[in-house]
Every structure is written in structure tokens, then in C-alpha cells.
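> Okay, here's the structure, questions in a sec.
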Amino acid sequence: MSAWLTQNHGAVNGEDFDLFSSLPWLFTAGIAAFYEGYYANKGTKIIKGTVAVGFETNAKGEDGGVFEADIVVVGARPLTALFKGQVEEEKDGIKTDGFLKTSIPDVYAVGDGATFPLKLYNDMRRVEHVDHARKSAEQAVKATFAGEQGKSIDEYDYLPFFYSRAFDLSWQFYGDNVGDSVLFGDNNPTLPKPKFGSYWVKDGKGVGVFLESGTPEENKAIARVARLQPREASLDQLSKEGLAFAFKILKFGMQ
């Protein structure tokens, strides 16, 4: 939203915008440094170490700071209090099975409000992103329709996927951001066409990949790495090979 305002309003009126840091769980120091520099060059200031907790005429941070504002745009979390005591809950969401069914017959939960079995990691997760919202809703509809016909479908097998587009940038992330991370490419925010990314490795396996300004084929390659979780590379090798490693996995799979 800050990017849109800067492009469509600030660029005309010479105004700057403040943005409370929004993705600390995903951005490593190397990734964050790029976007902080890039946004600063566009007139957007990143406010770190606090979140907005109240609004009067201005925005008030949890650290006591007050930020002058003409417009405030906020995000939201799923509101599940309505169902408290009626359905089984887990990890701040409504617990479902692999078909998005809740503990109540014929009641399904999808999107941000559903805590579901993530088969790839053998874990219960709640995912906040539009991609999961769409795909989980599709799974619930398929499960409902199959049940009415006396048929069965495969359980939900979701690969975590997040993306964002702002200015001339477009990043994608697949998998899990756990374990050790390593940066590849050039994350200089002054480059006209930046391209860089990061791998995450846990227990010797590549479990997550982030890529800025990837082509469709490059994004397909990093998704394949996150799905297969290959063991073939060290952090040093991943840093040197970068996308070449992902294309090896896309072409040849795991050895």
C-alpha cells in the first residue's frame, strides 16, 4: 500500500510515507537491507522495532512514539472469537483435517482462520496469504462435492507460497524459512534491475527459497527446490551457484 501511495500520490505531490515493518518473520538481514534501501529511495521510511497500537489524529506506536499521519492503512487478523467453544481450535485458528473439515460435521474452515495439517512438514499450520485462502477454499469445495457423490479426494498438500509486488519489484517465496539462510545474487538497492534471493537449509535439506524479480521459469525452479527439499548442497555452494542450483533440481531432480 505504501508503494502504491508513493507511486500514485506521493510522486505527484512530493509526499513521503512511513511503513511499519511488516515481514520480520520472513526477511533476513540481507533481504531487509535491500527493501529498506529501495523504499527509502522512493520516499518511504521503514519504522522498525515497534508496531502501531492506537490511532488518534496521528498513529501511536507501542513504544510510545507518535507519528504524524494524514492516512493510516492497517492489516487485520482472522476473527475466530465468534466460534469459541463451538469448534476445536489450535494455534489461533480453527482446527481442520486434510479436507478442511472442522470438528463439527459439514462445517469447513479455510484461509487465514484455518489451522490445517501441512503434509510437507508433518505439522499443523495456519497460513496468512491469499494463495492459501484460494487453494484451501478450492479443497473444501472439492471435498464437499466428493462427499455428496460418495467419492474421495486426496488430502490437502499445500506448499507454502508468499509473494508481493511493489514498484518494479516482484518477489516470491516458497517453503519454510527455518534453519540457516544464505544470500545469493546482488542485493544492491540502487541497481536498475536487481535480482537476488536466499536459500534456507535445515538438517541438511533445502527447505525454503526466496527470489526477487524472478522469471516464471526461475520461480518454477525455486518452487521445485522447496517441494523436493534436496540434500545436495552446502550453504557455500548455494551462495555461489544461486539459481543454477535450482535449475539443476528442476531438470534432474534429486540424485
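The values are calculated or read from the model by the stated rules, or taken from the named source; none is laboratory data. Quick caveat, the model's predicted, so the values are computed rather than measured. Heads up, the Cβs are rebuilt from the backbone with ideal geometry, glycines too, and the neighbour counts pull from every protein chain shown. Surface areas here come from the heavy atoms of the whole protein model, side chains and all, with no ligands, DNA or RNA. Shrake-Rupley method; radii C 1.70, N 1.55, O 1.52, S 1.80 Å.
> Does at least one position in segment 130-153 carry a residue that is within 20 Å of the chain's Cα centre (by Cα) and among the aromatic types (F, W, Y)?
no
> Filter segment 111-138 down to the residues that are part of a loop (DSSP other than H, G, I, E, B) and surrounded by fewer than 17 Cβ atoms within 10 Å (Cβ to Cβ) and list them by number.
N122, E128, H129
> Can you list the strands (runs of 3 or more DSSP E) found entirely within segment 1-105 that contain at least 2 residues being modelled with pLDDT of 60 or more and either over 25 Å from Y163 (Cα atoms) or open to solvent by 90 Å² or more (accessible area, probe 1.4 Å) (or both)?
Once the strands (runs of 3 or more DSSP E) in segment 1-105 are filtered for at least 2 residues that are modelled with pLDDT of 60 or more and either over 25 Å from Y163 (Cα atoms) or open to solvent by 90 Å² or more (accessible area, probe 1.4 Å) (or both), what remains is 52-55.
> Further question: Name the single residue that is surrounded by the fewest Cβ atoms within 10 Å (Cβ to Cβ) among those in segment 228-255 being of a type in the set (D, E, K, R) and within 24 Å of Y121 (Cβ to Cβ).
That would be R231.
> Let me ask something else about it. Being of a type in the set (D, E) and touching a strand residue (DSSP E or B) at 6+ places or on another chain (Cβ under 9 Å) narrows it down to one of D186, D168, so name that one.
D186
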